[in-house]
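Visitor: The structure under discussion is supplied below as structure tokens; questions concerning it will follow.
Please treat every number below as a calculation from the coordinates, not as lab data. This is a predicted model, so every value here is computed, not measured.
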Amino acid sequence: MKFNAVFIISALLTATSQAMAFSMTGFVGADCTGSTTNTFTGSSAECVTAGSGSIKSFSFSGVPNQIQFFVSGGQHDNCSNGPQLTLGGGSGCATAPAGFNWESVFVS
């Protein structure tokens, strides 16, 4: 019985840690097309900064609750001053507005 309890707890911890992980891939083109620029992985409640890369769109998966996208250009850098796009959890693709690129993304 003790073995079963340890096995069940281990399985639950593994499933929980996998469910909280997300991944994103940056693309130079809209609608997640063109060459890829960066790949990011992490856990929820994290701000991911694209740095100096030019990321027009992001594909994402494993987002637990929501994902917020911030455009480049100073005041929105590093997940600040409000996102330009917020999507629910799960998977998808997000393209920056015309004339902008994504600079940072907050996952929760």
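Visitor: With θ taken as phi - 60° and the coefficients 6.51, -1.76 and 1.60, list the Karplus ³J(HN,Hα) couplings across segment 39-56 in order, rounded to whole Hz; mark glycine and proline as x.
Guide: So the J values, rounded to whole Hz, are 10, 10, 9, x, 10, 5, 6, 9, 9, 10, 9, 6, x, 8, x, 9, 10, 7.
Visitor: Looking at the square roots a ≥ b ≥ c of the eigenvalues of the Cα gyration tensor of segment 31-71, which shape do they give, rounded for a/c under 1.5, prolate if a/b is larger than b/c, or oblate?
Guide: In terms of gyration-tensor shape, prolate.
Visitor: Once a ≥ b ≥ c are taken as the square roots of the eigenvalues of the Cα gyration tensor of segment 45-108, is the result rounded (a/c under 1.5), prolate (a/b larger than b/c) or oblate (a/b not larger than b/c)?
Guide: Prolate is the answer for segment 45-108, as a/c is 1.5 or above and a/b outweighs b/c.
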